[in-house]
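I have placed the structure first, in the form of structure tokens, so that the comments after it can refer back to it.
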Amino acid sequence: LQMADWKQKCNSEWQLAAKGVPLPNNVDWKTVYEKKPLERNLLKNPSPHGLTPDIPPPEREVTGIPPDPNLPQQHEPTGDFTGWSTSNERLPMDTSGVPPGVVVCYWPNYSWFSMEQRVDLKAEGLWDELLDKFQPDISIEDWYEESQLHASIYELHVKLLAADGKTMIKEYKCAPTEDLEVYSHNWKQVSHVFSGYGPGVRYVHFNHKVKNKFMVEFFGTMVTGSSVVIKATKSNP
């Protein structure tokens, strides 16, 4: 096939010309067609615990059995985090509510577990004119477990970055507060659409973190269904 044929295949796949998307001749349309960068999730391994948001998270069995004292305490969740950069932040214990002289056998140890990825939009097959002139919607979605561990169990921070990988063009932050008065154990959805963000975006940096607790046993907060999707449309005319 000639490059013009690949360009036509891309146009047919996403109806680009009809939407006003620039289709310059200097783009490698064969690569674009093969990589199919539009309307698909660009995050790797979006569900590291092997769960999906359409099925409620599994109920956790509390054994109440103290772990082997010879083994290190667990402060990080188990899962396959391939494709994610992970880090763990142990939080200081808040003993302000303990009266003087009271001995506490077990006290909750909280920690933040962060998972982040950086999506290289050009490497995924997107082209400059699309990103700079058309500025397609960038749709973000994530689901986190109502773990009931704390009023603050989840945070999301997504940044649109320039070609240097550092300069931030737009960002979205989400740090919800949980209602612990009513027991609920489902997945909670977080979503955002970047539109009309201006020229120069080349990377999407996706970072979410969940709060975990260790008290006798490990109690985690899980995430699933994380996604970064470049749409073939835009909200802003």
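The values are calculated or read from the model by the stated rules, or taken from the named source; none is laboratory data. Remember, it's a predicted structure, so these values are computed and weren't measured experimentally. Note: ideal-geometry Cβ built from the backbone for every residue, glycine included; neighbour counts use all protein chains shown.
Do you know which of the residues in the stretch 32-44 that are loosely packed, with under 14 Cβ neighbours inside 10 Å and farther than 18 Å from residue 83 by Cβ is farthest from the chain's Cα centre (by Cα)?
Among those that are loosely packed, with under 14 Cβ neighbours inside 10 Å and farther than 18 Å from residue 83 by Cβ, it is 34.
Could you list all residues from the stretch 199-222 that are out of contact with any Lys or Arg (no Cβ under 9 Å at 6 or more places or on another chain) and of a type outside the set (D, E, K, R)?
Of everything in the stretch 199-222, those that are out of contact with any Lys or Arg (no Cβ under 9 Å at 6 or more places or on another chain) and of a type outside the set (D, E, K, R) turn out to be 200, 208, 210, 212, 214, 215, 216, 218, 222.
Applying the selection to the stretch 174-229, what residues are within 16 Å of residue 60 (Cβ to Cβ) and not in a loop (DSSP other than H, G, I, E, B)?
187, 210, 211, 212, 213, 214, 215, 217, 218, 219, 223, 224
Which is closer than 30 Å to residue 216 by Cα and surrounded by fewer than 16 Cβ atoms within 10 Å (Cβ to Cβ), of 24, 100, 77, 53?
After ruling out the rest, the residue left standing is 100.
Which residue, of 111, 47, is outside any loop (DSSP other than H, G, I, E, B), surrounded by 10 or more Cβ atoms within 10 Å (Cβ to Cβ) and not assigned by TED's automatic domain parsing to the domain that holds residue 13?
Matching residue, one of 111, 47: 111.
All but one of (1) out of contact with any helix residue (DSSP H, G or I) (no Cβ under 9 Å at 6 or more places or on another chain); (2) surrounded by 15 or more Cβ atoms within 10 Å (Cβ to Cβ) hold for residue 164; which doesn't?
(2) is the only condition that residue 164 fails.
If you go through the stretch 99-107 one residue at a time, do you hit one that is of a type outside the set (S, T, N, Q) and within 21 Å of the chain's Cα centre (by Cα)?
No - not one qualifying residue is present in the stretch 99-107.
Does the stretch 34-42 include one or more residues that are in contact (Cβ under 8 Å) with a residue 60 or more places away in the chain and in a helix (DSSP H, G or I)?
Applying the first criterion (in contact (Cβ under 8 Å) with a residue 60 or more places away in the chain) to the stretch 34-42 yields 34-42.
Remaining after also requiring in a helix (DSSP H, G or I): 34-35.
Within the stretch 34-42, one or more residues are in contact (Cβ under 8 Å) with a residue 60 or more places away in the chain and in a helix (DSSP H, G or I).
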